[in-house]
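The values are calculated or read from the model by the stated rules, or taken from the named source; none is laboratory data. Just so it is clear, the structure is predicted and the values come from calculations on it, not from any experiment. Every residue, glycine among them, receives a Cβ derived from its backbone with ideal geometry; neighbour counts consider all protein chains shown.
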Amino acid sequence: MDYAGLKAEIALAKYIGQTDDQIAAALIAQVVVVTLSPFRVNGADIYNAIVPSEWAALLAAQQQTVRDIFSLGAGIDVSAGTNARAALLGAFGAGTVTRTNLAALVTVNTTRAAQLGYIVGVTDLVQEIAAARRWGA
């Protein structure tokens with residue numbers, strides 16, 4: 001558990017006056033979108049994210065670049081700053097459904113509690129909040 005992070009989180013104005021039980025419930029209920037990095041996908045994941053009509057609209061050279069990326073097989077690193085990501089985003093312009101689909105490959109929905117290190121069934125979040133309140137005191 002990230003006690004420093006949890007202590008900072010529960011000090012936020014939105015948690016002032018709440019019990020540990022209420023804060024725990026709020027942290028578990030709060031869904032956040034996290035971009036994973038590094039993140040690796042398979043060529044099939046990329047292929048399935050492409051809208052056929054948007055593929056057809058690409059120039060032949062763009063299609064070949066995307067095919068080259070497919071051919072890398074499993075474990076293609078599409079993290080921010082990689083050549084594969086830049087090529088894919090360059091081929092499919094802003095506002096296209098394909099670009100939105102590709103972006104979704106590197107994101108995951110999680111809870112704020114999980115971001116802070118809470119593992120369901122392993123730790124008791126209410127007890128962790130109480131410990132965080134005492135941490136560093």
Q. Residue check: is LEU72 assigned to a helix (DSSP H, G or I) and either in contact with a Leu (Cβ under 8 Å, 6 or more places away or on another chain) or not acidic (Asp, Glu) (or both)?
A. no
Q: Would you mind stating whether ALA24 is assigned to a helix (DSSP H, G or I), small (Gly, Ala, Ser), surrounded by 12 or more Cβ atoms within 10 Å (Cβ to Cβ) and touching a residue at least 40 places away in the same chain (Cβ under 8 Å)?
A: yes
Q) Going by the conditions given, is ALA84 in the same structural domain as ILE46 (by TED's automatic domain parsing), within 21 Å of ASN42 (Cα to Cα) and hydrophobic (A, V, I, L, M, F, W, C)? A) yes
(Q) Only one of ALA132, ALA104, ALA113 is closer than 19 Å to GLN30 by Cβ, part of a helix (DSSP H, G or I), under 17 Å from the mean Cα position of the chain (by Cα) and touching a residue at least 24 places away in the same chain (Cβ under 8 Å). Can you tell me which? (A) ALA113
